[in-house]
Amino acid sequence: MKILVTGGTGYIGSHTCVQLIEKGWQPVIIDSLVNSKISVLERIEKITGTRPAFVEGDVRDADLLQKVLREHAIEAVIHFAGLKAVGESISMPLKYYDNNVHGSVVLMEAMKQCNVKTLVFSSSATVYGDATKMPLKEDAPTSATNPYGQSKLMVEKIIADLCTSNPSWSITALRYFNPVGAHESGLIGEDPQGIPNNLMPFLAQVAVGRREELQVFGNDYQTPDGTGVRDYIHVIDLAQGHLCALAHAHGKAGYHVFNLGTGKGNSVLEMLNAFGKACGKKLKYKIASRRPGDVAASWADPQKAQSVLNWKAEKSMDDMCQDTWHWQSQNPNGYP
Ligand code: NAD
Ligand code: WQD
């Protein structure tokens with residue numbers, strides 16, 4: 001199967017391309033490189049022996065998309081391309097709606113023109129807003145607390161309407177919880193530009209000496225140790241979820257939504273300790289005030305993905321920390 005992977009040089013996309021190639025499927029990447037480096041391609045080649053086809057371009061470029069879909073005889077699309085910094089989305093909402101919502105509409109229109117009707121979309125647990133009833137099932141109420149989350153919710157709604165309008169579409173929205181970790185080779189991993197927004201890359205940069213200490217955003221939540229609790233999922237398990245979703249959806253009509261999480265929550269302090277164990281260092285931290293917009297706790301009910309997709313997260317917290325450390329220690333400044 002030939003699969004167009006938008007955003008395929010990014011963090012989750014690159015790991016998914018590795019798994020696609022290992023399964024014998026052919027990824028064709030389109031990425032604008034706005035948040036990734038071209039050297040990712042060499043790394044994918046080092047791991048798999050295959051360099052994926054790559055087109056540098058933007059998903060908002062309708063003509064380019066149609067050309068790529070036709071020339072490569074694409075059968076399905078995995079749509080990772082998008083911007084994901086929550087704080088930036090609050091200060092630059094138009095940039096996020098244009099990239100994430102408009103970009104998705106242009107992509108689906110191009111797919112329609114080329115009669116490619118199978119799509120897997122990167123959604124997020126952020127669509128559960130500030131829900132407090134855990135674990136989160138797919139039918140829990142949705143809402144958004146920032147423009148980034150709103151953009152994911154809007155695309156989910158557009159997809160639902162599209163599938164209602166024409167039953168030949170087969171679209172799966174995967175709601176990721178908190179992706180962390182890296183490929184066990186240490187050749188690919190998460191490489192945020194600037195100060196990391198997320199916990200795990202921040203911890204990794206403290207461990208490697210790029211940052212002085214972690215600020216723990218609040219220790220007065222209603223959680224066992226007072227710090228925020230999240231459902232961290234290894235990026236390799238997450239990547240595997242896309243293959244299962246494709247295998248399930250291809251040729252099967254309709255709109256499908258699945259959580260991809262482990263079903264377990266861990267606190268910030270648990271993560272700090274687990275990472276310290278993996279890197280063999282005591283990581284410095286200080287308690288800071290809560291980060292605006294954060295919820296106390298969020299974790300998935302992953303049962304639907306298990307029963308329908310036959311997918312289950314396999315990797316442990318130790319795997320997540322060891323693999324992140326392997327990647328970060330081998331690439332202290334990220335990709336060349
Ligand atoms: P990433 O930034 O590493 O990857 C996204 C890729 O898309 C980058 O390579 C970037 O250059 C590219 N891109 C962005 N806009 C583009 C455009 N208009 N045209 C072409 N390429 C474009 O992010 P990631 O962590 O791999 O996330 C992938 C997807 O998963 C995103 O849609 C994100 O919103 C979603 N998601 C991520 C997380 C997370 O915590 N990492 C959680 C839930 C959902
Ligand atoms: C995890 C925990 C923080 C950094 C975000 C997006 C979400 C999704 C995944 C894309 C929280 C605490 C963090 C730090 C800390 N992305 N923390 N110090 O907020 O659950 O989710 O990424 O869809 O939309 O909002 O992840 O890794 O930022 O935070 O104490 O320096 O770590 O308060 O409890 P979050 P995160």
**Charge dipole magnitude, Cβ of K and R +1, D and E -1 - the chain, Cα centre, debye nearest 20** = 180
**Prompt:** Does anyone have the angle between helix 62-71 and the longest principal axis of the chain? Alpha-carbon axes, 0 to 90°, nearest 10?
**Reply:** 70
**Asked** If the chain between residue 330 and residue 161 were fully stretched, how many nm would it gain, using 0.36 nm times the residue separation less the Cα-Cα distance?
**Response** 56.3 nm
**Item:** Dipole-positive endmost among 172, 289, 97 within the chain (Cβ charges, Cα centre)
**Value:** 289
**Item:** Chain lengthening between residue 67 and residue 50 when straightened (0.36 nm per residue, less Cα-Cα)
**Value:** 3.8 nm
**Asked** Given the protein chains as shown and a 1.4 Å probe, how many square angstrom of residue 319 are accessible, to the nearest 10?
**Response** 50
**Asked** At a Förster radius of 56 Å, what calculated FRET efficiency corresponds to the Cβ-Cβ distance of residue 115 and residue 185, to the nearest 0.05?
**Response** 0.90
**Asked** Hey, got the dipole for the stretch 96-243? About the Cα centre, +1 on K and R Cβ, -1 on D and E Cβ, debye to the nearest 20?
**Response** 380
**Asked** By what distance, in whole Å, do the Cα atoms of the stretch 183-276 stretch along each of the three principal axes, largest value first?
**Response** 51, 36, 22
**Fill in**
Per-residue ellipticity at 222 nm attributable to helices in the chain (runs of n ≥ 4 DSSP H, -39500 (n - 2.57) apiece, nearest 500 deg cm²/dmol) works out to -11000 deg cm²/dmol
**Asked** Calculated FRET efficiency, residue 2 and residue 215, Cβ-Cβ r, R0 51 Å, to nearest 0.05?
**Response** 0.70
**Fill in**
Excluding residues fewer than 8 positions from residue 112 in its own chain, the lysines with Cα under 16 Å of it are 67
**Beta bridge orientation in the chain: antiparallel %, DSSP, nearest 5** = 5
**Request:** Can you bin the stretch 119-192 into rounded, prolate or oblate? Criterion: square roots of the alpha carbon gyration tensor eigenvalues sorted a ≥ b ≥ c, rounded for a/c under 1.5, prolate for a/b above b/c, oblate for the rest.
**Result:** oblate
**Request:** Mind checking which of 57, 247, 233 is farthest towards the positive end of the chain's charge dipole, using Cβ charges of +1 (Lys, Arg) and -1 (Asp, Glu) about the Cα centre?
**Result:** 233
**Request:** Can you tell me the dipole magnitude for the stretch 1-108 around its Cα centre, using point charges on the Cβ only (Lys, Arg +1; Asp, Glu -1), in Debye to the nearest 20?
**Result:** 200
**the chain, relative contact order in percent, only Cα pairs under 8 angstrom and at least six apart counted** = 19
**Ratio Rg/Rh, restricted to the chain and using Cα atoms, in which Rh is the Kirkwood radius** = 0.95
**Complete:** Rounded to whole Å², per residue accessible area for the chain with a 1.4 Å probe reads 43
**Request:** State the percentage of accessible surface on the chain attributable to carbon and sulfur atoms; use a 1.4 Å probe and exclude ligands, DNA and RNA.
**Result:** 50
**Fill in**
In terms of the alpha carbon gyration tensor, root eigenvalues a ≥ b ≥ c, rounded if a/c is under 1.5 and otherwise prolate when a/b exceeds b/c or oblate, the stretch 67-155 is oblate
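The values are calculated or read from the model by the stated rules, or taken from the named source; none is laboratory data. Keep in mind the model is a prediction, meaning the values are calculated, not measured. Don't worry about glycine lacking a Cβ; one is built from the backbone with ideal geometry, like all the others, and counts go over all protein chains shown. What goes into the accessible areas is simple: the full protein's heavy atoms, side chains included, and nothing from ligands, DNA or RNA. Shrake-Rupley method; radii C 1.70, N 1.55, O 1.52, S 1.80 Å.
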